[in-house]
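Have a look at the structure below before the remarks.
The values are calculated or read from the model by the stated rules, or taken from the named source; none is laboratory data. Quantities reported herein were computed from a predicted structural model and do not represent experimental measurements. Backbone-built Cβ (ideal geometry, glycine too); neighbour counts: all protein chains shown.
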Amino acid sequence: MSAKPSSKRGPSLLELCQRFRTREDCLKFLEKLRWPDGPVCPKCESTSISRLRKRDFFDCNRCYHQFSVTSGTIMHRSHLPLQKWILATALICNAKKGISAKQIERDLSVTYKTAWYLMHRIRRAMKEPGLRSRFIGIVEIDDCFVGGKAHGKRGRGAEKKTMVVGVRQRAGSVRAEIAADQKAKTLLQIVRRHVSMNAEMVCADDLSSYDILNKYYRPERVNHSKGEYARGEVHTNSMESFWNILKRGIIGSYHKVSVKYLPNYLREFTYRFSHTRNGNGVGLWQNILGNALVFYPNNQRQTK
């Protein structure tokens, strides 16, 4: 019998271990998650399915394709026990500032290589299904630099760092992506991807590149260089609170993040931050596992 989650963020490891004691327990859960109305053939989408003697395999009665609940997913052909996939997902969800691969290695008794591979696969499942709508209402725009030490004023010495632009709907979800540079055109392209032109107000700081927002939005600016950080509803404090969590996670848990894999880490932090702030923290690990059963490795469907 499964216990109720002990926190708003999600179940504890003890509760999950009690719920998923065997491979059969994991399979039943994943099958219900992937096919709420019963198994569907991933090849011809037929619902006429027979279960083989081996409990974790199915046979399509139309095209005779054999498959399992993990076929074609990020868990495809993985030799790692399903219980460890579930536990790793929960550990990542419960860690507000991230958890390192070394910690996963110790907690799950796997090699560092396996832990690193496992975490990046799970991060790829931390994405919203379908097209995301653009933000409306009050939206905050801000940027930060991630990477090695850089000295001097904003933008100077930043060649050793990677610029990240963040967009957050006030009291709502957050999105972040790498920016190639600080040019106005580059920042505008990012903003227009995530913010509706019907947004009530767009808050930004005094970076001159944000001047271009005047052409498409109703911008309000705060002058950080003069010590101004809030003027009524005009501020970027909510976005900066996310940067604090991201930077603490990188410094405290990961220590160093390469540009190549930075998008994966941004996906992890934005997904976890957005869902927990929107009141969906308890089911966050289930949402990610549901995504893991839909999104395919290398964006290609693989068959068993």
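Of all residues in segment 258-304, those being over 30 Å from K43 (Cβ atoms), modelled with pLDDT under 90, not hydroxyl-bearing (S, T, Y) and not in a loop (DSSP other than H, G, I, E, B) number 3. Residue under question is K102, and the condition is that it be outside the structural domain of V167 (by TED's automatic domain parsing), within 19 Å of L33 (Cα to Cα) and of a type outside the set (F, W, Y); does it hold? No, not satisfied. Inspect segment 50-59 for any residue being under 30 Å from Y265 (Cβ atoms) and not small (G, A, S) and give the result as yes or no. The answer is no; no qualifying residue exists. Considering only residues that are touching a residue at least 40 places away in the same chain (Cβ under 8 Å) and assigned to a helix (DSSP H, G or I), look in segment 59-84 and name the one that is surrounded by the fewest Cβ atoms within 10 Å (Cβ to Cβ). Filtering first and then ranking leaves Q83. A single member of F273, F269 is within 25 Å of T162 (Cα to Cα), touching a residue at least 24 places away in the same chain (Cβ under 8 Å) and touching a Leu at 6+ places or on another chain (Cβ under 6 Å), and it is F269.
In this structure, is T270 among the polar types (S, T, N, Q), under 14 Å from A95 (Cα atoms), touching a strand residue (DSSP E or B) at 6+ places or on another chain (Cβ under 9 Å) and not assigned by TED's automatic domain parsing to the domain that holds M119? Here the answer is yes, as T270 does meet what is asked. Applying the set (1) out of contact with any His (no Cβ under 9 Å at 6 or more places or on another chain); (2) within 22 Å of P263 (Cβ to Cβ); (3) not in a loop (DSSP other than H, G, I, E, B) to G172 leaves exactly one unmet item: (3).
Yes/no matrix, rows are residues, columns are (1) touching a residue at least 60 places away in the same chain (Cβ under 8 Å); (2) more than 26 Å from N264 (Cβ to Cβ); (3) exposed (fewer than 14 other Cβ atoms within 10 Å of the Cβ); (4) not assigned by TED's automatic domain parsing to the domain that holds G147:
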site: T162; (1), (2), (3), (4): yes, no, no, no
site: V174; (1), (2), (3), (4): yes, no, no, no
site: A179; (1), (2), (3), (4): no, no, no, no
site: T186; (1), (2), (3), (4): no, no, no, no
site: N198; (1), (2), (3), (4): yes, yes, yes, no
site: M201; (1), (2), (3), (4): yes, yes, no, no
site: A204; (1), (2), (3), (4): yes, yes, no, no
site: S208; (1), (2), (3), (4): no, yes, yes, no
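Looking only at residues in segment 128-154 that are part of a loop (DSSP other than H, G, I, E, B) and aliphatic (A, V, I, L, M), the one that is modelled with the lowest pLDDT is A150. S225 meets all of the listed conditions (1) under 24 Å from the mean Cα position of the chain (by Cα); (2) free of Cβ contacts under 8 Å to residues at least 24 places away in the same chain; (3) farther than 22 Å from I138 by Cα but one, namely (1).
In segment 32-58, the residue that is surrounded by the fewest Cβ atoms within 10 Å (Cβ to Cβ) out of those that are in a loop (DSSP other than H, G, I, E, B) and touching a helix residue (DSSP H, G or I) at 6+ places or on another chain (Cβ under 8 Å) is R55.
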